[in-house]
Amino acid sequence: QVQLVESGGGLVQAGGSLRLSCAASGSIFSINAMSWYRQTPGKQRELVARITPGGRTNYADSVKGRFTISRDNAKNTVYLQMNSLKPEDTAVYYCNVEKLRGDYWGQGTQVTVSS
């Protein structure tokens, strides 16, 4: 089992920044990619950004150039730096880690961007 603890969400004005963190503990060996997803009511959870153990990244088109994902493999932590936030970025953000036998999810952290 892998436990994921997210932090860093909150309320921010449009144009502002937030940094999300997600620390993994438990059965942390052989963690593959780490990702951030987000979800708003009535919509499917969508991938925001993903990073491999080697540092290769990919982003949703809607956040390219504004969000940056990074990871500290020594601390088993993944970060999401969110700049130039927009009201449409408002969502619950979830951390995800991939292992050979399945994925694990965090509890989610609310990000609210006011206009």
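I'd like the residue in the stretch 33-46 that is under 15 Å from the mean Cα position of the chain (by Cα) and loosely packed, with under 14 Cβ neighbours inside 10 Å and, out of all such residues, is farthest from Lys86 (Cα to Cα). Among those residues, the one meeting the criterion is Glu46. Among the residues making up the stretch 12-32, those that are of a type in the set (S, T, N, Q), more than 20 Å from Gly65 (Cα to Cα) and surrounded by 11 or more Cβ atoms within 10 Å (Cβ to Cβ) are Ser25, Ser27, Asn32.
Are any residues in the stretch 52-83 under 20 Å from Phe29 (Cβ atoms) and among the basic types (Lys, Arg), and if so, which ones? Hits for the stretch 52-83 are Arg71, Lys75. Given the structure, is Leu85 part of a loop (DSSP other than H, G, I, E, B) and crowded, with 19+ Cβ neighbours inside 10 Å? When the stated conditions are applied, Leu85 passes them. The number of residues in the stretch 99-115 being open to solvent by 40 Å² or more (accessible area, probe 1.4 Å) and not hydroxyl-bearing (Ser, Thr, Tyr) comes to 6.
Each row is one residue, and each column tells you yes or no for (1) farther than 20 Å from Thr77 by Cα; (2) part of a strand (DSSP E or B).
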site	(1), (2)
Leu11	yes, yes
Gly16	yes, no
Leu20	no, yes
Leu47	no, yes
Gly55	no, no
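Is there any pair with a first residue in the stretch 90-115 that is assigned to a loop (DSSP other than H, G, I, E, B) and a second that is of a type in the set (Ser, Thr, Tyr) whose Cβ atoms are under 6 Å apart and which are 6 or more apart or on different chains, and what are they? Between residues of the stretch 90-115 that are assigned to a loop (DSSP other than H, G, I, E, B) and residues that are of a type in the set (Ser, Thr, Tyr), the close pairs are Thr90/Thr112; Gly106/Tyr94; Gly108/Tyr94.
The values are calculated or read from the model by the stated rules, or taken from the named source; none is laboratory data. All values derive from a computational prediction rather than experimental measurement. Using ideal geometry, Cβ is built from the backbone for each residue, glycine included, and neighbour counts are taken over all protein chains shown. Calculation scope for accessible area: heavy atoms of the full protein, side chains included, ligands and nucleic acids excluded. Shrake-Rupley method; radii C 1.70, N 1.55, O 1.52, S 1.80 Å.
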